[in-house]
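Visitor: My questions all concern the structure below.
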Amino acid sequence: MNFINRHIGDHESDLTLLSSQSSIADEGKWPVRYDAVEFVAICADIATILFAGFLSALLSPGSPAPAGLAQACAYAAAASVSFVYILNGRGLYRPTELLVLRSQVRAICLTWILLHVLAAAVEMLDDNPQFFRGAGLLFAALGLASLIAQRCVARILLIKCFSGRRFARTNLVLITDQPPSAHAGLSETLAVLGYRVKGRFGLPTMGSDPDSRKRLSSRVIEHIRNSEVDKIVLEANPERWADLRAFISDLRVLPFPIVFVPVGAASELLRHPTRSLGSAACVEIQPGPLTAIECASKRIVDIIGAGLALTVFAPLLAIAAVAIRLRFSRSDPLQATKMRLQWPNIFHPKVSDDACA
């Protein structure tokens, strides 16, 4: 097959070119596509953890030797790989998940604390714990603060991308059985995410003859061969999957990704997590309550997280206590006693008898 760019002639009535979307200028667009957000977030986490490990080695007591810096960077690299693997397995790098700051902060804290608890356990069993020089409290505090700050910045940037439609353009062909709509539905969602619909094809009705399907697939293939397209999006009801399977098989000759967007009542099932039940696939409608092991592990993580936070903020609390002590020690003891006695009256002033009268 020879994929070249040629002038596109007139097509049949079922091909509707969305010229209004194609005329949108690319000025102000950021050089990041919507599909690349997950990869950029993963790279940002790895770079943040590596920077925290390098900075903690520099700020550690004593002049860091090159070997110590190498050991700290090696531990930071191992921690970053483990951290990214855990969060990616839970699907927390998807753009929609990155917008939920509370769940992101909770997942970061739990994963980061778990990694350092495991590192501390390994260090206790190791005869030469110098390798874990970067696994100290300084690296834990810097890494946790940097990751949370990075998530806040990433959320702000994503909100700007969604609201301002600043994602880089991605050309696609939309094949759907839904009526066309320029300001609602999938077309509007694609426009927000930076996708430019280069062509729109209407699917034949359910139960049509195979000849109409073959004619549609040949028109789609011919259009894609003569245009710059990066992806094929198929929007249809999952109930007609028997007809769609043969149509998708005809499109496999094209070296482009094919994405299926389900619509209708049956599409709600795909929003739930799926699992394998032997050779069958099952959909988890509602998860069960936490088991005793899960509750115990959650409690342990909460205690460790509270202890780590108390350890990190203990110097700040000590400085505040010393400052308060010095403030009252420099003043007259009698005056300090009067100030303490007057504190309840500040928040609960007494009402005079004249005011009551």
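Each value in this text was obtained by applying a stated rule to the coordinates, not by laboratory testing. What you see is a predicted model, and the numbers here were worked out from it, not measured in a lab. Virtual Cβ from ideal backbone geometry, glycine too; neighbours counted across all protein chains shown.
Visitor: What's the FRET efficiency of Arg299 with Arg245 using the Cβ-Cβ distance as r and R₀ = 51 Å, to the nearest 0.05?
Guide: The computed FRET efficiency comes out at 0.55.
Visitor: From the Cα gyration tensor of region 132-278, with a ≥ b ≥ c the square roots of its eigenvalues, which class applies: rounded if a/c is under 1.5, or else prolate if a/b is larger than b/c, or else oblate?
Guide: prolate
Visitor: Taking R0 as 41 Å, what's the FRET efficiency between Tyr85 and Val322 from their Cβ-Cβ distance, rounded to 0.05?
Guide: 0.45
Visitor: Put a dot 7 Å past each Cα toward the Cβ at Ser279 and Val263; how far apart are the dots in nm?
Guide: Here the modelled spin labels are 3.6 nm apart.
Visitor: Sequence-distant or interchain residues sharing an amide H contact under 5 Å with Arg196, placed H: which?
Guide: The list, which skips near neighbours in sequence, is Thr170, Asn171, Leu172.
Visitor: Between Val253 and Leu310, 0.36 nm times their residue separation minus their Cα-Cα distance comes to what?
Guide: Gain in length upon complete extension: 14.5 nm.
Visitor: Residue-wise, which Karplus ³J(HN,Hα) couplings in Hz belong to region 83-89, taking 6.51 cos²θ - 1.76 cosθ + 1.60, θ = phi - 60°, and x for glycine or proline?
Guide: Taking θ as phi minus 60°, the curve returns 5, 5, 5, 5, 5, 5, x Hz for region 83-89.
Visitor: What FRET efficiency comes out for the pair Arg169/Asn226, r = Cβ-Cβ distance, R0 = 25 Å, nearest 0.05?
Guide: Efficiency at R0 = 25 Å is approximately 0.85.
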